[in-house]
Amino acid sequence: MQSKTIILLSLFFSAIAGLNVQGSFGSAVSVDADVDTTINFGIAGINPSLTINVDQDAQVTLSLLVSAETTPLPRGYNLLTQSAGLATNVGYTFNVTPSTAKFSANLTGGVLAQAALALLGQVNIKAGLLQFDATAKTYNQIAIAVPSIAQQLSFSLPSVGSYAFVAFNIESPIPTFYGYARELVANVANRVVYLVNATEQFAINVTSSVQTDLKVDYSTSISGGANFDGYIALDAYFQIETASPAQIAANLSYTFDQAVLAAKGIAADTLVFAYQTASGWKIDGSATVSGSVVTQGTTHFSQWGVYGQSGSSDATTIFVSTWLVICAIFSLL
């Protein structure tokens, strides 16, 4: 009886402590539901390792990503292995089946830690991880969870897909998926960009009075998003919100497509951001247009849209007016 009790207790505490198994890149590992399982892909427990907990029995696969995605990396980002002078894989592809499984997963160490150590002497350069969305062709920067005492960097993997190790300047914008929360550091200028094909489609430069999460959702149509007061909708809407109340000072920037403006008959120099209220759309402040980017300041977040007016640009208007004056003068001679 005593021996049976000891065995049962041993199994109980093993379940609490989690399970360690050996895995190999590209091969599926069976993981039991509701058990913290650490899959070691090195030798004798040496990193890299993946710790995962799933809500149902599942198959977990971690494969080497040996080449970069065809979509260019965001501005200011380079493959970490190149920056650190290491000829090795550029990241991992992570998959869990069945696709209905819900999980929490954490990746630790490996080439990432080795490359990060090679960058320690560079003050302005940090090591990081970019998540790649193959459908949207966009990137999302994954925050470093907790560097361990042994300099092993640890990252949370929010979903299946491809992850590339990168090196980036600390002043580089932070690429983010629409709909994902991004932490804002209090009383510091944060620049968050939302990418389409590695181009900054929408960007926010924001200083917040408190540390909080920022989330932006993008859509091409919304209820009540029609034209108003002579302004034509560009069909670009952004729901911007913070997780907690904060005083903010922000600049919103949108990179527009000249062909879309031409199709809608909108003059670029009339573009503005407007926000939605219970009584309709309101324009807060004035916008500036430089190249294909419209920028406008604000002190509040809500539902915003990009609008413009029909007609020619100021330069064209001046040219036409001048030409009409000249023609009128000659007609009097």
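The values are calculated or read from the model by the stated rules, or taken from the named source; none is laboratory data. A quick note: this is a predicted structure, and the numbers were derived from the prediction, not measured. Positions of Cβ are generated from backbone atoms using ideal geometry, with glycine treated the same way; all protein chains shown enter the neighbour counts. The protein model used for the area step is the full one, side chains on, heavy atoms only, and it has no ligands, DNA or RNA in it. Shrake-Rupley method; radii C 1.70, N 1.55, O 1.52, S 1.80 Å.
Only residues that are within 19 Å of the chain's Cα centre (by Cα) and in a loop (DSSP other than H, G, I, E, B) were counted in segment 210-246, giving 3. Yes or no: segment 191-200 includes at least one residue that is more than 22 Å from residue 281 (Cβ to Cβ) and either over 16 Å from the mean Cα position of the chain (by Cα) or in a loop (DSSP other than H, G, I, E, B) (or both). Checked segment 191-200: at least one residue is more than 22 Å from residue 281 (Cβ to Cβ) and either over 16 Å from the mean Cα position of the chain (by Cα) or in a loop (DSSP other than H, G, I, E, B) (or both).
The condition (being among the polar types (S, T, N, Q), closer than 27 Å to residue 73 by Cβ and surrounded by fewer than 17 Cβ atoms within 10 Å (Cβ to Cβ)) is satisfied by just one residue among 219, 279, 209: 219. Within segment 175-190, restricting attention to residues that are out of contact with any Leu (no Cβ under 6 Å at 6 or more places or on another chain), part of a strand (DSSP E or B) and within 19 Å of residue 129 (Cα to Cα), the residue that is most open to solvent (accessible area, probe 1.4 Å) is 183. Checking each residue in segment 90-130 for being at pLDDT below 65 and either under 30 Å from residue 54 (Cβ atoms) or of a type in the set (A, V, I, L, M) (or both) picks out 110, 111, 112, 113, 114, 115, 116, 117, 118, 119, 120. Kindly check whether there is at least one residue in segment 164-174 that is at pLDDT 90 or above, assigned to a strand (DSSP E or B) and surrounded by 15 or more Cβ atoms within 10 Å (Cβ to Cβ). No; the residues of segment 164-174 include none that is at pLDDT 90 or above, assigned to a strand (DSSP E or B) and surrounded by 15 or more Cβ atoms within 10 Å (Cβ to Cβ).
Rundown of residues vs (1) assigned to a loop (DSSP other than H, G, I, E, B); (2) closer than 17 Å to residue 97 by Cα; (3) at pLDDT below 95, yes/no style:
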site: 20; (1), (2), (3): no, no, yes
site: 26; (1), (2), (3): yes, yes, yes
site: 43; (1), (2), (3): yes, no, yes
site: 52; (1), (2), (3): no, yes, no
site: 62; (1), (2), (3): no, yes, yes
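Only one of 249, 203 is open to solvent by 10 Å² or more (accessible area, probe 1.4 Å), under 25 Å from residue 185 (Cβ atoms) and in a strand (DSSP E or B); which? It is 249.
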